[in-house]
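The structure under discussion appears below in the form of structure tokens.
The values are calculated or read from the model by the stated rules, or taken from the named source; none is laboratory data. The shown structure was predicted, so the numbers you read here are calculated from the model rather than taken from an experiment. Here Cβ is always computed from backbone atoms with ideal geometry, including for glycine, and neighbour counts include all displayed protein chains. Side chains included, ligands, DNA and RNA excluded: accessible areas come from the protein's heavy atoms. Shrake-Rupley method; radii C 1.70, N 1.55, O 1.52, S 1.80 Å.
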Amino acid sequence: MSLLSTLARLEAIRSGRAEPLATVRHRHLSDRPMVVVPLAAAGEAGAPLAVLLGTDRAAPRLHLVPQPLNRTQRFDFLARFAAELLPYLESFGAEVEQIEASEKDPETGEKTQVFRELCADAPQLIVPNPGSIRHLALLGRSTRFRRTAEDADPGPYPAPTRVPLLGRWLTHLTERSQVPGSSLLLPMTGLLARHWATGQSHLEDQHLAAQLAWHSPPPGLTGAEAAELAETERDAHGQLTHPPAGPATDPRFDELVLAGAITRHDAALVALQHLTTAGQPAAGLTTADRPAERQRAELLVKLASEQLHAALESVLLPTWRDVWHGLDLLRTLPPAAHLAERWESDRWSYTGHRDRLAAGEPPQPKQDDAVTAARKLAQREREQVRVDVQEALDDPLVMAERRLAGEAFTGVVTEVTPAYDTSGRSPKPRPLVTVRTEDRPHADPGREAHRANGLAAQKAVIVGADPAEGTITVQVTSGMGRKKEPEPGSLPEPGDRITFTLFELTPRQSAPLPDPDDTPWTHGGPPGSADHSPTAAEEWE
Amino acid sequence: MNVSHLGQAQPLAQRLAELRGRAPQRSLDARALAALAANPGCRRRALLDAAGVDKAAVAHRLGRPAPFGQSPFAIARGNVFEYRLKENGYAALLEPLRRHLGLPEHTDTPLAVPDLLHRSSPAVRAGRTRVALAEAAADPAAWTLLDHPMLRLTVAGSPAYLEPDAVVVHGGRCTVVEIKSFPILDGSADPAKVGAAARQAAVYVLALQETAAEEAGDKAGEEAGRPTLPSPYAVPDLPGSPELTVLLVCPKDFTNRPTVAAVDIRRELATTRRQLALMTRVDQLLGSLPAGTTFDLAPDEAGSPTRPSEELADAVESVPAAYRPDCLSTCELGFHCRAQARCADSVDQLGPGVRGELGTITTVTEALKAAADLNTDPTADPTSETRPTETRPAEARLAYAAALRAEALGRAAR
Ligand code: SF4
């Protein structure tokens, strides 16, 4: 955490409300995001319990596993989850634009012009917190290798047809979410924490309701007080008035509400099945009573199921509202200038996955081979640098952090002195620009500096600094055109406010082609020797 | 744990009992001991734990109960997994252990599973475990599995009883085996959970080291005819000494089948030792307490506490704490200590990182005052290493940061 964000937290403690950490929105927000609030069954990794999801905040859809240990019910749940999610994901695949690129023929080395499809937009999932992402990743891992009835060898427990596909999408989205600056799948706690500081620690910010409490504390309460209520307040039945945002449920909810509801549902189901299979009517009843008895049993199952739904809905809805509330808050910020560029990378990522599915490639391996792992790591490092630079350019508050760190300086131009490099055949402009600044960058003479937010990229070299005067002088070396005199407007003028950074502003970046993990294997070599074996033996028990 | 303080054990135990009041002593389990390592700097916790105070009850009385709990589903799942490992003569448990430890096939040397008197009192069970352990260690060729043995560890002069899931003994050495219900997925497990398991296992290893040392000491004593208790750490290779690598048995991927991961716990062991050493110095902590301090809840006949909570809060307050946000998930008093940190305007509420950043500044008010201080010379170089000694670096940097923040937000500098 930088000192500037610490300062913002201190201010939040004093004001009792969240304080800004950004002046613009640094993540792309879709016009039609899908909010997904997943719950996991306690005690078993990746066992789903329920999910509340949808693109319409007024109409969330709830799906649940009535008995989390029951494999068939789990498959049913996953099939319904897939039926809800996949059409949304796939709906962005149809509208494409053609992007021109050149590709090198691997044999002749000749460059040829190619057109590649790029989807015009991409889906966006918003979940409550990073834990939800980990849970979705586990769901992806546990489903993408499943065999279905359509496979040649379906195994003893074939999954519903679209379940493996759900797994592959979840795997792709959760992997992509590890790339800095990506926006296909975002956790709300992280989004809020990126843009506002609360007066509590990062750890406490993981609790979505507690973090939001700092944004709109009820009248008369400070953010800290409201957050503590969100964390701990319980009703007369011992239930949290603001349930955790998942994926784990509150143990007291499991104990006092959920366990009973599951047991009742199980019992009702058993009773009904018993009626269906048993030859004899229950004691004291004649065969004539059978239909009535059956109806009664069906009714009991329905009631038990409704109770279970109500119980889970009651703990999911507050989080659902919180996520949408968070989106409202984020939408009050103007979008950052570089969002479109980064979202295009997300679109490439989405398009790449769409293409891999269409090409009939196998599911993502359990473990990346060494080459893929190294490429992913390199990609993440590259993207981190890119995001850091872009955020600094887009937002003076982020640039302030770099200035505080001595990596940039901002000031007013006091003097521009023409100068020339006459070493070559024709003289080149090398004017000196002096800036008065209170910043104290690590500006040793000879160090390269970059003009931020100029019309074109412009480099300079530090030639001197006068700490007593508070001035720094640089010699501009590029971005002035090809003539002897600088192009009009290409140089700052005295009185202009200007920022130079000591870090590069254009991290080496090729054309916006898909990143390695989004390159179809047909384009990027064999998928390696990783283990793709479908795991018939890997059964849930 | 060392013998040196045994002489004063009685008065110490008495004073700790006074602190505890009428409540029965809460014996520390491995989880609680392991959690100590999570916040080693906290004396409040060290003292309360040493005295065996029920921190959860205290937190409840103070109005900020600990939110800890375990889902019945998680407990059930854990039990089912452990049961499956142990049915059919530990077949499922032994299969992966065999691979890891080079256990023999049944036909060669049969695995001994001694009866450890599970229905008896902890002290009896601990005695029985000690005997079984000594027997097993005496025969290097034998393979022995101690199922839920009971170990004794002296903490601040009082015995704590600890129950690992299993200990395997062979070749005169033993290995702690912990059964966990989090999975090892594609060869790796959640690092946070492995870390917690390692800290817990370290406590068992420590107890086994103590047992081995005592056993050796007894023998030496018998032979030499005088009691000598060597330091448990000086002689690591006593018979029955534990390996410093423990085995976690976890479900493999999404199945109920077990797989084994070996975890080196040397670092955790060192931390736990340090923390326990701090607890054995509780007499120093006790020395600085006001006379008559007690954490007695004064329960009435129905068991409800009658001690005024302000009084109790004062007693708790009299022991210095070291609040940090992860207390919320590791200590029963977390919410209470947080409220106190907030009340005291301490920058600790934001975490140790912030504390470090702010140098000598310890309160929010001070920090904000420094940030608003226009008199702080803005041209004093806050990043330079060579500044006059009278400039206060944290304050100057804060003022500079505040100016930058105000500029970026288009606010007037305060
Ligand atoms: S919550 Fe309080 S008593 Fe517990 S470890 Fe933290 S500071 Fe110490």
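Consider B:ALA261 carefully, then state whether it is aliphatic (A, V, I, L, M) and assigned to a helix (DSSP H, G or I).
So B:ALA261 does not fit the description; no.
Can you find a residue that is in contact with a Pro (Cβ under 8 Å, 6 or more places away or on another chain), part of a helix (DSSP H, G or I) and within 30 Å of A:ALA209 (Cα to Cα) anywhere in region A:63-76?
Within region A:63-76, one or more residues are in contact with a Pro (Cβ under 8 Å, 6 or more places away or on another chain), part of a helix (DSSP H, G or I) and within 30 Å of A:ALA209 (Cα to Cα).
Return only the number of the condition from (1) in contact with a strand residue (DSSP E or B) (Cβ under 8 Å, 6 or more places away or on another chain); (2) outside any helix (DSSP H, G or I) that A:GLY220 does not satisfy.
(1)
Give the residues of region A:379-412 that are more than 8 Å from chain B (Cβ to nearest Cβ) and farther than 22 Å from B:GLY410 by Cβ, sorted by residue number.
A:GLN379, A:ARG380, A:GLU381, A:ARG382, A:GLU383, A:GLN384, A:VAL385, A:ARG386, A:VAL387, A:ASP388, A:VAL389, A:GLU407
Considering only residues that are touching a Gly at 6+ places or on another chain (Cβ under 8 Å) and over 23 Å from A:SER91 (Cα atoms), which ones fall in region A:133-156? Before you say what the answer is, go through the steps one by one.
Step one: filter region A:133-156 for residues touching a Gly at 6+ places or on another chain (Cβ under 8 Å), giving A:135, A:138-147.
Matches in region A:133-156: A:HIS135, A:LEU138, A:ARG141, A:SER142, A:PHE145, A:ARG146, A:ARG147.
Tell me which residues, restricted to region A:141-158, are open to solvent by less than 60 Å² (accessible area, probe 1.4 Å) and either of a type in the set (Asp, Glu) or within 13 Å of chain B (Cβ to nearest Cβ) (or both).
Passing the criteria: A:ARG141, A:SER142, A:THR143, A:ARG144, A:PHE145, A:ARG146.
Yes/no per residue for (1) within 8 Å of the ligand (Cβ to nearest atom); (2) in the same structural domain as B:LEU297 (by TED's automatic domain parsing):
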| position | (1), (2) |
| --- | --- |
| B:GLU311 | no, yes |
| B:ASP314 | no, yes |
| B:GLU317 | no, yes |
| B:PRO320 | no, yes |
| B:GLU332 | yes, no |
| B:HIS336 | yes, no |
| B:LEU358 | no, no |
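This table checks each residue for (1) touching a Pro at 6+ places or on another chain (Cβ under 9 Å); (2) in the same structural domain as B:SER318 (by TED's automatic domain parsing); (3) open to solvent by less than 30 Å² (accessible area, probe 1.4 Å); (4) more than 16 Å from the ligand (Cβ to nearest atom).
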{"site": "B:PRO24", "(1), (2), (3), (4)": "no, yes, no, yes"}
{"site": "B:ARG31", "(1), (2), (3), (4)": "no, yes, no, no"}
{"site": "B:VAL53", "(1), (2), (3), (4)": "no, yes, yes, no"}
{"site": "B:VAL80", "(1), (2), (3), (4)": "no, no, no, yes"}
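Which of the residues spanning region A:8-26 are farther than 25 Å from A:ALA337 by Cβ and not β-branched (Val, Ile, Thr)?
Hits for region A:8-26 are A:ARG9, A:LEU10, A:GLU11, A:ALA12, A:ARG14, A:SER15, A:GLY16, A:ARG17.
Output the strands (runs of 3 or more DSSP E) that fall wholly within region B:149-213 and possess 2 or more residues being of a type in the set (D, E, K, R), or say none. Steps first, please.
On the way: elements: B:151-155, B:158-162, B:166-170, B:173-179.
Correct list: B:173-179.
Residue by residue, here is whether (1) out of contact with any Asp or Glu (no Cβ under 8 Å at 6 or more places or on another chain); (2) within 12 Å of the ligand (Cβ to nearest atom); (3) open to solvent by less than 50 Å² (accessible area, probe 1.4 Å) holds:
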| site | (1), (2), (3) |
| --- | --- |
| B:LEU28 | no, no, yes |
| B:ARG43 | yes, yes, no |
| B:ALA46 | yes, yes, yes |
| B:ALA56 | no, yes, yes |
| B:HIS60 | yes, no, no |
| B:PRO72 | no, no, yes |
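Of everything in region B:350-360, what is within 10 Å of chain A (Cβ to nearest Cβ) and either assigned to a loop (DSSP other than H, G, I, E, B) or farther than 26 Å from B:LEU398 by Cα (or both)? Give them in sequence order.
The answer is B:GLY351, B:LEU358.
Tell me, which helices (runs of 4 or more DSSP H) wholly within region B:273-349 include 2 or more residues that are farther than 29 Å from B:VAL203 by Cα and either open to solvent by 40 Å² or more (accessible area, probe 1.4 Å) or within 14 Å of chain A (Cβ to nearest Cβ) (or both)? Write out each step before concluding.
Details: elements: B:282-287, B:309-317, B:327-330, B:334-343.
By residue number, B:309-317, B:334-343.
Got at least one residue in region B:178-188 being open to solvent by less than 20 Å² (accessible area, probe 1.4 Å) and either within 17 Å of the chain's Cα centre (by Cα) or modelled with pLDDT under 90 (or both)?
yes
Just to be sure I understand, how many residues within region B:174-207 are closer than 30 Å to B:PRO140 by Cα and hydroxyl-bearing (Ser, Thr, Tyr)?
2
Restricting to region A:465-476, what's the tally of residues that are more than 14 Å from chain B (Cβ to nearest Cβ) and closer than 13 Å to A:PRO441 by Cβ?
2
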